[in-house]
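Structure record follows, encoded as structure tokens.
The values are calculated or read from the model by the stated rules, or taken from the named source; none is laboratory data. All values derive from a computational prediction rather than experimental measurement. Reconstructed Cβ throughout: ideal geometry from the backbone, glycine too, with neighbour counts over all protein chains shown.
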Amino acid sequence: MRKFMVILDDSRECLNAMRFAAMRAAHTGGGVEVLAIIPPEEFNHWIGVGDIMREEARERIEVHFEVFAKWMRDRQGVEPELVIREGEAVPEILAQVRDDPEVGVLVLGAGTGSGGPGPLVSQLTKSAGTLPIPLTIVPGDLSKERIEAIT
């Protein structure tokens, strides 16, 4: 089964990427893999404190994921899979693509603010020609109805 991989973070554009991935998966018989990445700088503390912070980060991710997962199950009939990795975002994304051969498309949401499309979109589009899978960038200001029409 081909999976659409989408990155879970705290950005507004993440919502449109989730919607797009779930709708495409539902319409094509695919799956959705939600990748959350915990940056390494969150744990530069004493070992015990770092372990507690790591566990708290995982709990926050799982709660955040469950909101999207419920919507995907209830509205799109898609059962998403959560993967949590630790490290720098771009290398971890590429490592997950290598580790899971069912991932066929990477879906990212583009920011609409003055800061540009966002760091992941900026970094990954620079190397888009050498990515092992297609990259889909979903504009952050697309309406739900427009995403539905496109998918």
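Any idea which of ILE137, ILE150 is among the aliphatic types (A, V, I, L, M), surrounded by fewer than 13 Cβ atoms within 10 Å (Cβ to Cβ), closer than 17 Å to ARG19 by Cβ and touching a residue at least 24 places away in the same chain (Cβ under 8 Å)?
Working: ILE137 fails: surrounded by fewer than 13 Cβ atoms within 10 Å (Cβ to Cβ).
Just a single option satisfies the conditions, and that option is ILE150.
Suppose we filter LEU94, LEU108, LEU142 for residues that are under 16 Å from ILE37 (Cα atoms) and in contact (Cβ under 8 Å) with a residue 40 or more places away in the chain; which single one remains?
None of the others qualify; the one that does is LEU108.
Would you confirm, using the coordinates I've provided, whether THR125 is surrounded by fewer than 18 Cβ atoms within 10 Å (Cβ to Cβ), over 25 Å from ARG60 (Cβ atoms) and either touching a residue at least 24 places away in the same chain (Cβ under 8 Å) or in contact with a strand residue (DSSP E or B) (Cβ under 8 Å, 6 or more places away or on another chain) (or both)?
Considered against the rule, which asks whether it is surrounded by fewer than 18 Cβ atoms within 10 Å (Cβ to Cβ), over 25 Å from ARG60 (Cβ atoms) and either touching a residue at least 24 places away in the same chain (Cβ under 8 Å) or in contact with a strand residue (DSSP E or B) (Cβ under 8 Å, 6 or more places away or on another chain) (or both), THR125 comes out as yes.
So, THR130, is that one farther than 21 Å from ALA36 by Cβ, in contact with a helix residue (DSSP H, G or I) (Cβ under 6 Å, 6 or more places away or on another chain) and not aliphatic (A, V, I, L, M) or not? Before the answer, list the steps.
Working: farther than 21 Å from ALA36 by Cβ: yes; in contact with a helix residue (DSSP H, G or I) (Cβ under 6 Å, 6 or more places away or on another chain): no; not aliphatic (A, V, I, L, M): yes.
Considered against the rule, which asks whether it is farther than 21 Å from ALA36 by Cβ, in contact with a helix residue (DSSP H, G or I) (Cβ under 6 Å, 6 or more places away or on another chain) and not aliphatic (A, V, I, L, M), THR130 comes out as no.
Regarding PRO101, is this residue at pLDDT 95 or above and in contact with a strand residue (DSSP E or B) (Cβ under 7 Å, 6 or more places away or on another chain)? Talk me through it step by step, then tell me what you get.
Working: at pLDDT 95 or above: yes; in contact with a strand residue (DSSP E or B) (Cβ under 7 Å, 6 or more places away or on another chain): no.
Answer is no for this residue.
For segment 67-80, which positions are of a type in the set (D, E, K, R) and under 16 Å from ASN16 (Cα atoms)? Even if it seems obvious, please write down each step before you answer.
So the first thing to find is which residues in segment 67-80 are of a type in the set (D, E, K, R), and the list is 70, 73-75, 79.
Selection gives LYS70, ARG75.
For segment 1-37, enumerate the residues that are within 13 Å of GLN96 (Cβ to Cβ), free of Cβ contacts under 8 Å to residues at least 60 places away in the same chain and among the β-branched types (Val, Ile, Thr).
Of everything in segment 1-37, those that are within 13 Å of GLN96 (Cβ to Cβ), free of Cβ contacts under 8 Å to residues at least 60 places away in the same chain and among the β-branched types (Val, Ile, Thr) turn out to be VAL34, ILE37.
Working carefully through the options GLU88, GLU59, GLU55, find the one that is charged (D, E, K, R), within 21 Å of VAL103 (Cβ to Cβ) and surrounded by fewer than 17 Cβ atoms within 10 Å (Cβ to Cβ).
Answer to the check: GLU88.
Every residue, every condition in (1) at pLDDT below 95; (2) under 12 Å from VAL107 (Cα atoms), yes or no:
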residue: LYS3; (1), (2): no, yes
residue: ALA22; (1), (2): no, yes
residue: ILE38; (1), (2): yes, no
residue: MET53; (1), (2): yes, no
residue: TRP71; (1), (2): no, no
residue: ARG85; (1), (2): no, no
